[in-house]
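The values are calculated or read from the model by the stated rules, or taken from the named source; none is laboratory data. The structure displayed is predicted, hence computed values, not measured ones. Cβ coordinates were reconstructed from backbone atoms using ideal geometry, including for glycine residues, and neighbour counts include every protein chain displayed.
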Amino acid sequence: MNTSSVIVTHGLTRRFGDITAVDGLDLTVRAGEVLGFLGHNGSGKTTTVRLLNGVLTATAGSARVLGLDPGVAGAELRRRTGVLTETPSLDERLTANENLTLFAQLYGVPEADIAGRVAELLETFQLADRAADRVSGFSKGMKQRLALARALLHKPELLFLDEPTSGLDPVSTRQVHTLIRELSRNGGHTVFLCTHNLEEAQRLCDRVAVLEHGRLMALGTPAELGRSLWHGARVEIEVAPQMMATALDVLQTFPDARDVVLAENQPVLTLALPGREHIPQVVERMVAANVPLYRLTPHEATLEDIYFALHGHEEVQS
Ligand code: ATP
């Protein structure tokens, strides 16, 4: 992956009256990556996207997007970025073909290239057979694919996607996921993906940024964030159900074990250790206490673990 930066912000801030929607954001997005931008409702994701596209001006701080200052060169920048908003507005009275043709003209795609580009995108997004149908008769998934095609008409280097699979069924969701991955892996596009769907972020994103009340709580790969949140090793242990209480006793009296948690409805315990070298001691203690150990698995933190830990946690940056 090319590691040059397509977005760099320093202290980027936007206030609306008393509300600080984006608060001193320091963010770097690398060329070709899919960056997941995560945060609760109202945490400042959409405002950030609007600042980065020059639709809104910053109250303080600075941003460089594709080498341009969005506050000064917004129009030029928007010719090089594609934006899929959460509720894309397509013209429902027009056909898929007409919608794309109209927007290609608005985006300034050369007249001679428009028909070919539209046909190519309709093909890619599996809408070629519906090209001449009015959008009013399209399903939500088809509209979302058409909106994604529209965002790509002018071959943007950088793509902002706001909740691209919101409200889609699993099949359409998978299609959109495949398209996003292809855009990044094969097409060389950089994707800035705002999502509430942590599984989606885990599946698609190279790195994630977590926002809370406009502030950046964490930035890194899920593995980096997991390591910075939980130093040492987390392990999952499965024992014979009738020995659960004994196992719990063993772990709670093991001075190096922290955060010993019993899973609901299954004989599984999770705990944190200072490092992997402590795992054999756990096994020895279990054996000494005659606890049949069925399984011991080092536990990789999921994005969901990280997200929830961060929201009850101090700032983490890697
Ligand atoms: P969601 O996940 O619900 O889409 P978000 O993370 O995109 O939320 P924003 O839409 O950026 O959040 O909103 C951040 C904060 O800024 C909210 O408190 C919102 O009410 C406020 N805000 C956003 N735009 C405006 C505006 N034009 N005028 C006043 N307040 C605004």
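Laid out as a table, the results:
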item: Hey, residue 263 more than 16 Å from the ligand (Cβ to nearest atom), crowded, with 22+ Cβ neighbours inside 10 Å and farther than 26 Å from residue 21 by Cβ or not; result: no
item: Test: residue 182 is among the acidic types (Asp, Glu) and within 20 Å of residue 53 (Cα to Cα); result: no
item: Residue count for region 175-196, restricted to those that are of a type in the set (Lys, Arg) and touching a residue at least 24 places away in the same chain (Cβ under 8 Å); result: 1
item: Residue in region 44-54 that is under 14 Å from the mean Cα position of the chain (by Cα), on the phi < 0 side of the Ramachandran plot, more than 16 Å from the ligand (Cβ to nearest atom) and buried (at least 22 other Cβ atoms within 10 Å of the Cβ) present; result: no
item: Residue in region 209-220 that is under 26 Å from the mean Cα position of the chain (by Cα), modelled with pLDDT under 90, among the basic types (Lys, Arg) and more than 26 Å from residue 80 (Cα to Cα) present; result: no
item: Qualifying residue in region 151-162 (condition: more than 26 Å from residue 113 (Cβ to Cβ) and at pLDDT 90 or above); result: yes
item: Meets criteria (in contact (Cβ under 8 Å) with a residue 24 or more places away in the chain, out of contact with any His (no Cβ under 9 Å at 6 or more places or on another chain), closer than 30 Å to residue 39 by Cα and assigned to a strand (DSSP E or B)) for residue 225; result: no
item: Selection count, region 67-106, where residues are surrounded by fewer than 18 Cβ atoms within 10 Å (Cβ to Cβ), out of contact with any strand residue (DSSP E or B) (no Cβ under 6 Å at 6 or more places or on another chain) and assigned to a loop (DSSP other than H, G, I, E, B); result: 14
item: Condition met for residue 250 (under 12 Å from residue 286 (Cβ atoms) and either in a helix (DSSP H, G or I) or within 24 Å of the chain's Cα centre (by Cα) (or both)); result: yes
item: Residues located in region 257-277, provided they are more than 30 Å from the chain's Cα centre (by Cα) and modelled with pLDDT of 90 or more; result: 257
item: For residue 32: the one exception among (1) modelled with pLDDT of 95 or more; (2) more than 16 Å from the ligand (Cβ to nearest atom); (3) not acidic (Asp, Glu); result: (1)
item: Number of the exception - residue 64 against (1) assigned to a strand (DSSP E or B); (2) within 16 Å of the ligand (Cβ to nearest atom); result: (2)
item: Strands (runs of 3 or more DSSP E) fully within region 136-215 counting 2 or more residues that are under 30 Å from residue 93 (Cβ atoms) and within 16 Å of the ligand (Cβ to nearest atom); result: 158-162
item: Qualifying position, being surrounded by 12 or more Cβ atoms within 10 Å (Cβ to Cβ) and closer than 25 Å to residue 36 by Cα, among 309, 247; result: 309
item: Residue in region 141-162 that is of a type in the set (Asp, Glu) and out of contact with any Leu (no Cβ under 9 Å at 6 or more places or on another chain) present; result: no
item: Candidates 20, 85, 13, 59, filtered to the one that is within 30 Å of residue 171 (Cβ to Cβ), touching a residue at least 12 places away in the same chain (Cβ under 8 Å) and polar (S, T, N, Q); result: 85
item: Sole exception among (1) of a type outside the set (Val, Ile, Thr); (2) away from the ligand (no atom under 15 Å from the Cβ); (3) surrounded by 16 or more Cβ atoms within 10 Å (Cβ to Cβ); (4) farther than 26 Å from residue 181 by Cα for residue 23, by number; result: (2)
item: Enumeration of residues in region 67-101 that are within 18 Å of residue 190 (Cα to Cα), within 15 Å of the ligand (Cβ to nearest atom) and polar (S, T, N, Q); result: 85
